[in-house]
Amino acid sequence: MRREPERGVAGDVVEVRNVSKRFRKGDREFLALEGVDLRIREGEFVSLVGPSGCGKSTLLRMIGGLTPTTTGQVSVEGHVVDETHRDVALMFQAPTLFPWRTVLDNVLLPLEIDHRPTKDDVAKARALVSLVGLDEFVEHHPRELSGGMQQRVALSRVLVNDPRIMLLDEPFGALDEFTREALNVELADIVGRGKRTVVLVTHSVPEAVFLADRVVAMGTNPGRILGEIQVPFHRPREASLVRSSEFQDLTLEVRKLLGLE
Amino acid sequence: MSTQTEPIQPTGVGDDLMVVARIPFRTRARIWVLTRFIPPIFMFIFAIGLLELISVTEVLPAIVTPSPLTVLETMGRQATTSFLWENMWVTLQEGLLGFLIGSAIGISLGVGVGVSTFIARAVYPFVVLIQSMPRVALAPVFVALLGFGQSAKVLTAVAICFFPPLINTIVGLRNFDSDALLLMRSLRASRWQVFRKLLLPGALPMIFGGLKTAMTFAILGAIVGELTAATEGIGSLIDIAAFQLRMDAVYGYILWMSIVSLGIFGFMDWVDKRVVFWRDDARKTRLTDQE
């Protein structure tokens, strides 16, 4: 990451400026993203919602420095992103745990990449495992856990590095409805406490609204931002929020932006 | 979540489920045992009976088809001689040494091919060439090269057994989860860390599979080497007995060798289940995102 003087509005952690991304498939070129501008404030929770092929995952990976932009620029903390950087932590739809590692060792992985884990590191990892309610499973292996429990471990692993920005790529997309809702409430709770910056990619409008401070609606052909909506609900948010009429109205607005209504 | 961790209640006698199920669990278990073990036992008795019949009726020359009972008798006699075990030990030494050297070569080459495009390009054409070669036929070459001692047999074992660990290491190292690699990249893991923490452990189930095959091949190689030219080892015993038309002794040696090999493979399996305990984990279902 190259050092550059701070630019943009103070408090913007992520700044995406006029970004486009072209992919080549054989002879055909296709525009995954075009003219994307996005600013994310410190401590803000932003949901990117849209159908498959709208480039939301690509955008997420660009912020993480995992995919280069074709044109335009992504800055994180005032520095232009041109490779992977330590400010972010990634979470995927699949738990992506290492089956040969115990729950604790899986959570420790990010620290281990950086340095030999200290006693404090281990204590911290343990605390995070108990934060997601898996105390009794610290020494278990992933195969002994259900899908939802595995995704909780993945969540602890994201948190262990104290990342400035959490990038969540449909983290609960592969789980059943019940587990998904329970984990969303937990995620809202954990994030609300830590004042973290979070970018969430999801297909689900209610999920996007429930978790975020701001919902960014995206469309396809080419992948682009259609519009955005502020979510005024304060935290902590309870599961019952989704039944309120304000919540229903807001999801309806997002659906309109997406062209679903 | 508590529902996920609750232990399944054991079903015992008098359980309601017993009334519901048309066939009681115990009977089901018994049926399972029967259907599992009856067929192989039946096949075994049938095969032995057929051999006995061939031997008694002498449809084939009696000299090449000794009765199974005679073979059993011979095996009993062979087991009491130190002769059998000394020669078996010679063969095992050659096989095990060949296995160790062959696996070491196979795995190191496989790792080289797996991590370096340069090594992959340099080695791969020869890998394919060697694979298509009838490597058993190299035994006389090694005897000519190294003489009648054990080293020619070890080399034959190496030549035959290095291939499965090699190919399995290559395949295993390529068989990683792309999200896991992305995760490692986002954590800024070094190439060595990616290899050490993701690729290598991920390849272990495949590598161990290759090692199990290599063990079979190594003992095969040692015996082929001994059959070519040797003064000791199971292969040479078989050679001599066959020359004397003592077919019962030939079958006896072969069966003893099989029994000992079976023990070794059982041990390999045991080690395998402990080292790569995650082998049989269900592949997680992954929904593919088009982006």
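In segment B:68-275, the ratio of gyration radius to Kirkwood radius, Rg to Rh, stands at 1.09 when only Cα atoms are counted. The contact between chain B and chain A removes approximately 3100 Å² from the accessible area (both sides summed; 1.4 Å probe; ligands, DNA and RNA excluded). Within the straight-line cut-off of under 30 Å between alpha carbons, the lysines reachable from A:Lys124 are A:Lys195, B:Lys197, B:Lys284, sequence neighbours fewer than 8 places apart in one chain being disregarded. Each principal axis of the protein assembly as shown carries a Cα extent, and these read 95, 68, 51 Å when sorted largest first. Taking max minus min of the alpha-carbon positions on each principal axis, segment A:192-238 gives extents of 38, 17, 16 Å, largest first.
Based on the Cα gyration tensor of segment B:65-113, what are the three equivalent ellipsoid semi-axes, each the root of five times an eigenvalue, rounded to whole Å and given largest first?
On the way: eigenvalues 285, 39, 6 Å².
In descending order, the three semi-axes are 38, 14, 5 Å.
With both residues required to sit in the protein assembly as shown, DSSP beta bridges show an antiparallel share near 55%. With n ≥ 4 as the cut-off for DSSP H runs, can you work out [θ] at 222 nm for chain B, using -39500 (n - 2.57) per run divided by the number of residues, rounded to the nearest 500? For chain B, the value works out to -24500 deg cm²/dmol. Legend: mean number of C-beta atoms from other chains within 10 angstrom of residue C-beta atoms, peptide A:165-176, equals 1.
Farthest towards the positive end of the charge dipole of chain A, among the residues A:Gly133, A:Val76, A:Phe45, is the Cα of A:Val76, using unit charges on the Cβ of Lys, Arg, Asp and Glu. For A:Thr67, the residues whose modelled amide H falls within less than 5 Å of its own, excluding neighbours fewer than 5 places apart on the same chain, are A:Met62.
If R0 is 56 Å, the Cβ-Cβ spacing of B:Val275 and A:Glu261 corresponds to a FRET efficiency of close to 0.50.
Return the loop-located GluC sites (Glu not before Pro) in segment A:134-234 (DSSP other than H, G, I, E, B) with at most 16 other Cβ atoms within 10 Å of their own Cβ; answer none if there are none. List each step's numbers first, then the result.
Working: sites: A:Glu136, A:Glu139, A:Glu144, A:Glu177, A:Glu181, A:Glu186, A:Glu207, A:Glu228; in loops: A:Glu139.
Those that pass, being in a loop and sparsely packed, are A:Glu139.
About its Cα centre, the dipole of segment B:108-238 is roughly 580 debye, where the only charges are +1 on Lys and Arg Cβ and -1 on Asp and Glu Cβ.
Using Cβ point charges alone (K and R +1, D and E -1), the dipole size of chain B about the Cα centre works out to roughly 1020 debye. With Rh defined as the Kirkwood radius, the inverse of the mean 1/r over Cα pairs, the Rg/Rh of chain A is 0.97. A simple charge model with +1 on the Cβ of Lys and Arg, -1 on the Cβ of Asp and Glu and nothing else charged puts the dipole of the protein assembly as shown at about 760 debye relative to its Cα centre.
When you look at the Cβ of every residue in B:184-195, what mean number of other chain Cβ atoms sits within 10 Å? Numbers along the way, then the final one.
Values: counts 5, 6, 15, 13, 8, 6, 1, 0, 0, 4, 1, 0.
Taking the mean over all residues of the peptide, I get 5.
Report, to one decimal in Å, the Kirkwood hydrodynamic radius for segment A:98-162 based on all distinct Cα pairs. 11.4 Å is the Kirkwood radius here. Taken residue by residue and averaged, Cβ atoms of other chains lying within 10 Å of the Cβ of A:96-104 number 5.
So if the hydrodynamic radius of segment A:139-261 is defined as the Kirkwood radius over C-alpha pairs, what does Stokes-Einstein give as its diffusion coefficient at 37 °C and 0.692 mPa s, in µm² per second?
Working: Rh = 15.6 Å.
Rounded, D is 211 µm²/s.
Could you give the accessible area per residue of chain A, probe 1.4 Å, as a whole number in Å²? Let's see the in-between values first.
On the way: 11460 Å² over 261 residues.
For chain A, the per-residue accessible area is 44 Å².
Expressed as a whole percentage, what fraction of the accessible surface of segment A:101-142 belongs to carbon and sulfur atoms when a 1.4 Å probe is rolled over the protein heavy atoms?
51 percent
With R₀ set to 45 Å, the beta-carbon distance separating B:Ile259 from A:Glu186 gives a calculated FRET efficiency near 0.20.
The values are calculated or read from the model by the stated rules, or taken from the named source; none is laboratory data. None of these values were measured; they are calculated from a predicted model. Here Cβ is always computed from backbone atoms with ideal geometry, including for glycine, and neighbour counts include all displayed protein chains. What goes into the accessible areas is simple: the full protein's heavy atoms, side chains included, and nothing from ligands, DNA or RNA. Shrake-Rupley method; radii C 1.70, N 1.55, O 1.52, S 1.80 Å.
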